[in-house]
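Only the coordinates and a few stated rules stand behind these numbers; no lab work does. No experiment lies behind these values; they were computed from the predicted model shown. Neighbour counts are summed over all protein chains in view; Cβ atoms, including those assigned to glycine, are modelled from backbone coordinates with ideal geometry.
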Amino acid sequence: MRHLQAISISFLLPLLLAGQEAAKPEEKKAPEAAAAPAAEEKKKKEPEVAPPPTAEEPKTGGSIDLGYRWNSGVTGSYDTYRSIVNLGEGPRVMGFHYTLMEAPAKVWDRLDLSAAGWGGDPAAWFRLDASKISAYRLRLDHRDTAYFNAMPSFANPLLDKGVFLNQRAFDTRRKYTDLSLVMRPGKNFTPYFGYTRDSGDGRGVTTFVTDGNEYPVANRLDDRTHNVRGGVEWTIGKGHLTLEQGGMVFDDNQSVSNTTRIPGNRQTPFLGRQLFLGDLLQTYLVSGHSIYSKALAGWQPTSWLDVTGSFLYSQPKSDILYNQTNKGLFTDLDTLIFADQQSLRWAAAARQPHSTGTVTAEVRPHHRVRILESVFTDRFHNASTLDRLVWNQSQQQIDVMVDASRWLTLRGGHRYTWGDGSSRGALFSTNGIFDAGKLRRNTWTAGGTVRVRPRLTLFGDVEMARSTAILFRTSLGDFDKYRLRAKYDVTANLNVQINFSSLRNENPPQFGLFDLKQRQAAAAIQWLPRGGKYIKLLGEYARSSMRSVIDYTVPQLLTRERSEYADNGHTVSGFLDVRLPGAATLALGGSSYQSSGSRPTSFHQPQVRLTAPVNKHMHVIAEYRWFSFSQPFYRVELFRTHQFLAGIRLIQ
C-alpha cells in the first residue's frame, strides 16, 4: 500500500511544460510597385496586430479522489450487512485516472492509468493501458474482490431452534491479474501474448457428511490458476485467421477441521444412540495442468456471404489426494454398525478431453434480407472407466431478418438443441450406479421492430420451446418467453422507455412437476434540460413477480415434498444532479426495494453527494448514505446504518 501511495503522489506532481515564446508578428511585405499610393498610405496607417499565441494542449493530466469513510455503527446483524453491502471504514482511494502523452525516448504514445476501491472496499481494481501506434499495445488489469456471505437464514436447518449459523458461509478474497501484449496492432500480421493469474483464499463453513448425519465445521479454501497464451491474428485478403496456443497449471486445496463435540443436524437418536462428531481433519488436494489450442477464422467470398468458425480443444489432467480422519460416534447404513473413528485415504487422477466448435454463415440474397445459420457443438468427458462423466451438447439455429419497409423489420427463426450426459447416480437414484440423460428441445423465435414515428420505436420478441427430454430436474422443459420494449424521444432532452418481459415454464409430467412464472415490467425516464448542463434527472420504476412449484425428495426421510415460492417486488430508483453556483454539483438519489410473498424484504439506500471546487486543482467531496434492510420472517437479519464520506479530488 505504501508503494501505491508513492506512485499516486508521483503521478500527481505537476509536470513542467517547456515554455513557448509568443508567435512574433509577421513583417508586412513591401507593396508592389503597381499598387496605388493611396492604398499604400492606408496600409501604413493601420496598426500591425500580432496573431494570438497558440497554447499547446497539456499532454499529461488526470485526477485522484481520496477520502475517508465512517459509519454510525451497524445496528442489527453485522453478518447480513457484510453479505449485502460490505463497505468498511477507513481511508480510501475512491477513483484515480491519469494520462501521460509524453514518454522518455518515446517509449509510448499514450499511457492511461486508472484505479478505484483501494483501501479496503470489496471491489478494488487497477488498469494500465500503454500503446505506441503501429508498434504495440500493452494492457494490465488487476482486480481484488472480497466475497462474504453469511446470511443466518440461508443453509441453516437449525434456524427454528435458535441457531444462527449459515452452514454454507464464505469469507474469501479473489485476486485476478491479466496481462496482454499485442504487437503491430492494426497490421495484417499481429502477434500477441498473454498471462493470467487467478487466485482465491479464505475461510468459511461447510458440512461434513456421514451416514445418518451432517455436521457444520470450519472450512479453509486456497486455489490458484496460471494461464500463459500466445497467438497471431492474420488478415489475408477478404479473410482473417487467429491461431492461439496456451497452457495452464492449477491447484485447488481445501481443508475441513473440527476439535469440539457437536451433535450435527440430526437432533434425534439413531437406533437408540446419539451420533456426534469430535475431532476431524479432512483435506482435498487437487493439482493439474492443461494445454489448449484455439482457432478462429472468417471469410467473405462474395459481397452477399460471410462465413465464420471457431474451434477450441483442451485436455486438462488432474491429480487428487483425499485424506480424512474423524472421531466421535458414526454409523454405516449398509451394515448398521457403529464406529467411534474413521480413516480414509484416496488418490485419483482424471483426464478430461474437451472440444468446442462453432460455424456461422450469413447470407444476404437481397439488400433487405439476412439469413443466419449456425451450428454449435460442445463435447466433454473424463477418460475413466471407474467413475465416468460424459457431457455432449449441440445446437443448430437459423434466423431470418427482413426489412419489410423503412419502418418495419421482422425476425423469425428456429433452434434445435440436443445432447446427452451420464455420471455417477444420485444417492437415492433408482437407475443404478450411473445415471444417463438426454436433451431434446425445439425452440421457435419471432420478433420485430416498428418505427412508428421518428422518435418512437417498438421492439418485440417471442420464444417458444418444447422439449421431449431434459438433463436436469430443474431444467426448463416447455416454456414461453415474451419481451417488449418501447422507446420514445419526447424531445431532444427527454426520453421515456418501457420494458416488459415474461417467462412461463410448465414441464410435462414425465419430467416431474416444475412450474415457473416470472414477469417484470419497468418504466424509465431521462431528462437533460439544455443538454444536462445544469440538471440531470434519471428515474425508474420496476415491478417483478415470480412463482415456482417443484417436487423434491427429503434425503433424511426419503419422502416426497412440494416446494412453493412466491415473490412480488417493487423497485424505485432515481438520481438528480444539480449544478450549483460556483461550479458545485449536488447529487441526490438512491433506490428502494420492497417485496411480499414467501420472503418479504425491504431494502432502502438513499444517498446525497456534494462536490465543490476550491480551485481548479482541488475539489472537496462529501457524501451521506443510509442503508436499511429488514425481513419480517427473519428479523435476525435486520440491519441499519448511516454512512459518511469526506474527501478531496486533486486535478492536474
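Structure values in brief
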read-out	value
Residue (of Y195, F148, V182) at the positive-pole extreme of segment 119-204, dipole from beta-carbon charges	V182
Calculated [θ] (222 nm, deg cm²/dmol) that DSSP helices of n ≥ 4 give over the chain, each run adding -39,500 (n - 2.57)	-1000 deg cm²/dmol
Between 0 and 90°, nearest 10: helix 2-12 axis offset from the chain longest Cα axis	20 degrees
Charged-residue dipole, Cβ positions (Lys, Arg, Asp, Glu), the chain about Cα centre, Debye nearest 20	1240 debye
Residue (of T260, S310, Q324) at the positive-pole extreme of segment 237-334, dipole from beta-carbon charges	T260
Farthest positive-ward along the chain dipole, Cα basis, beta-carbon charges - from F633, I236, I398	I398
Unsatisfied cross-links (Cα-Cα over 25 Å) in the set K533/K616; K487/K536; K132/K294; K106/K616; K106/K238	K132/K294; K106/K616; K106/K238
Mean separation of Cα contacts under 8 Å (6+ apart) over length of the chain, as relative contact order %	8 percent
Percent of beta bridges antiparallel (DSSP, the chain, rounded to nearest 5)	100 percent
Among (i) -0.73, -0.96, -1.90; (ii) -0.59, -0.74, -1.35; (iii) -0.47, -0.62, -1.37, the entry derived from the coordinates for log10 I(q)/I(0) by the Debye sum over Cα atoms at q = 0.07, 0.08, 0.12 Å⁻¹	(i)
Exposed-site-free run, longest, the chain (rule: chymotrypsin sites (Phe, Trp or Tyr not before Pro); DSSP loop; at most 13 other C-beta within 10 Å)	1-406
Stokes-Einstein D (µm²/s) once Rh is taken as the Kirkwood radius of segment 522-623 over alpha-carbon pairs, at 10 °C in 1.306 mPa s	91 µm²/s
Residues of type aspartates and glutamates that K175 reaches as a straight line, Cα spacing below 17 Å, ignoring anything fewer than 8 places off in the same chain	D121, D141, D144, D198, D201, D222, D223, D251, D252
Once exposed loop GluC sites (Glu not before Pro) are cut out (DSSP; at most 11 other Cβ, 10 Å), longest piece of the chain	57-652
Debye, to nearest 20: dipole size of segment 312-421, +1 on Lys, Arg Cβ, -1 on Asp, Glu Cβ	580 debye
Debye, to nearest 20: dipole size of segment 80-221, +1 on Lys, Arg Cβ, -1 on Asp, Glu Cβ	540 debye
Candidate aspartates and glutamates - alpha carbon under 19 Å from K517, same-chain residues fewer than 8 apart omitted	D461, E463, D478, D480, E506, D551, E564, D567
